[in-house]
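The values are calculated or read from the model by the stated rules, or taken from the named source; none is laboratory data. The structure displayed is predicted, hence computed values, not measured ones. Neighbour counts run over all protein chains shown; Cβ positions are idealised from the backbone, glycine included. Each accessible area value is taken on the protein alone, full model and side chains, heavy atoms only, with ligands, DNA and RNA left out. Shrake-Rupley method; radii C 1.70, N 1.55, O 1.52, S 1.80 Å.
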Amino acid sequence: MATGKARQRRFGTIRRLPSGRFQARYSGPDGVRHAADDTFATKTEAQDWLTLKEAEILEGDWIDPEAAEVLVPHYAATWIDERPGLRPKTVLIYWGLLRKHIAPYFEHVTVGEVTLARIRRWRKKLLDSGVSEVTAAKAYRLMRAVFNTALDDGLIRRNPCRIKGADRENSPERPVLTVTQVYALADAVGLRYRPLILLAAFTSLRWAELAALTPADIDLETCTVRVTRQLYYHEAGYSFRPPKSRAGVRVVDFPDLIVPDVREHLDWLPASASLVFSSSTGSPLAHSNFRRRAWLPALAAVGLEGIHFHDLRHTGNQLTANEGANPKELMARMGHDSERAALIYLHSSSARQRALADAVGKAASAELAKSKPPKAAKPLGTRRARNRRPAAESGE
């Protein structure tokens, strides 16, 4: 059956197919002939489509329809691989989100086929299947970042991830320990890791920062700890790398309250020790082993089940805030970076950091003193004489 003759227009061509429908074709900016994704019932509809396509080219909004035919999982995998600056832990999180929560829903979907409605249905399916809001928010943010790159690559005209509030993690507020609970936990964990608990609570250092400390990083005279690196575990073993941001390289003050415990630990270390905290074999401290062998038994012993090690960092932050630290001072202490240009020129003085640490130590000492049972008061002289009188009268 013969097809209709294509009619040349000022832009594109239209021909009638044996089915009676109309096909529209045009030459793109890439010099390649492209056809509309679908056919049209009338010639007028085909002409209108070509008019819109021509306008896209003139406005610079044209998208190569074939470029966006890459499948979403493949494009997302390439997106992760092309970011070598990501922390190993972040890479693992991204791969887990892609494998568990993205690829199963977009296995046969191309980048160009993803719409806002499809993103909305995907997110609802995640939540309906029991995925937590926190995980769903992480997966959504990853998808949004991937499609931002697709937008930059010219594969799509607009990012389909435009659901308000979908990127927010409504995580439950983590608990804050009291100073008494911190010391009870330090007692329960044993002498080897007692200073680890105290430093975590009174410096707000991250686990990876504490695990990377060397004896030279701790100055007991100035009561400071210097943070210059973090411990990273990966498939090949472990390595030490700089903190994840420039703000992570810092000097943190701690109260002199914990100096005796830290000093005793440093004196106990062999002269050849390269790490302040390590395993029994001298290798870097693995979080999973510490949690199983020391942390969980200590929590059970003091009735604090459900507490995470990271809650000690949160506790230290709260203790410092309670003593009047402003947001910038807390950021400097915790190693947080800010994207707001106004904060780049604000600096927390070392004197103020020292004052904050001293204030925390003073408040902690006061709370510890309150938690100790009071000593029995000695009776006054008159009461002592009154108490002795029965014994003397009885002749004993």
Legend entry - Lone qualifier among 249, 176 - being at pLDDT below 95, open to solvent by 20 Å² or more (accessible area, probe 1.4 Å) and in contact with a His (Cβ under 9 Å, 6 or more places away or on another chain): 176
Inset, instruction - Could you figure out which of (1) exposed (fewer than 13 other Cβ atoms within 10 Å of the Cβ); (2) in a helix (DSSP H, G or I) isn't true of residue 85? - result: (2)
Legend entry - Search result, residues across the stretch 88-133 that are surrounded by 14 or more Cβ atoms within 10 Å (Cβ to Cβ), part of a loop (DSSP other than H, G, I, E, B) and in contact (Cβ under 8 Å) with a residue 40 or more places away in the chain: 114
Legend entry - Checklist (1) closer than 30 Å to residue 367 by Cα; (2) touching a Ser or Thr at 6+ places or on another chain (Cβ under 6 Å) applied to residue 178, failing item: (2)
Legend entry - Residue list for the stretch 291-349, restricted to those being part of a helix (DSSP H, G or I), modelled with pLDDT of 85 or more and β-branched (Val, Ile, Thr): 302, 315, 320
Inset, instruction - May I ask you to list the residues in the stretch 156-173 that are farther than 24 Å from residue 110 by Cβ and either of a type outside the set (Lys, Arg) or in contact with a His (Cβ under 8 Å, 6 or more places away or on another chain) (or both)? - result: 165, 169, 170, 171, 172, 173
Inset, instruction - Restrict the check to the stretch 235-244 and report whether at least one residue is closer than 22 Å to residue 332 by Cα and either acidic (Asp, Glu) or modelled with pLDDT of 95 or more (or both). - result: no
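Take the residues of the stretch 237-265 that are among the hydrophobic types (A, V, I, L, M, F, W, C) and out of contact with any strand residue (DSSP E or B) (no Cβ under 7 Å at 6 or more places or on another chain): which is nearest to residue 198 (Cα to Cα)? Step through it out loud before you land on a result.
Keep residues of the stretch 237-265 that are among the hydrophobic types (A, V, I, L, M, F, W, C), which gives 240, 247, 249, 251-252, 254, 257-259, 262.
Subset that is out of contact with any strand residue (DSSP E or B) (no Cβ under 7 Å at 6 or more places or on another chain): 247, 257-259.
Values: 247: 23, 257: 10, 258: 7, 259: 10 Å.
Out of the qualifying residues, it is 258.
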Legend entry - Out of 68, 76, 139, sole residue that is open to solvent by less than 20 Å² (accessible area, probe 1.4 Å) and modelled with pLDDT under 90: 68
Legend entry - Count of the stretch 207-254 residues which are of a type in the set (Val, Ile, Thr), assigned to a strand (DSSP E or B) and touching a residue at least 40 places away in the same chain (Cβ under 8 Å): 4
Inset, instruction - Inspect all residues belonging to the stretch 163-172 and state whether any of them is on the phi < 0 side of the Ramachandran plot, free of Cβ contacts under 8 Å to residues at least 40 places away in the same chain and of a type in the set (A, V, I, L, M, F, W, C). - result: no
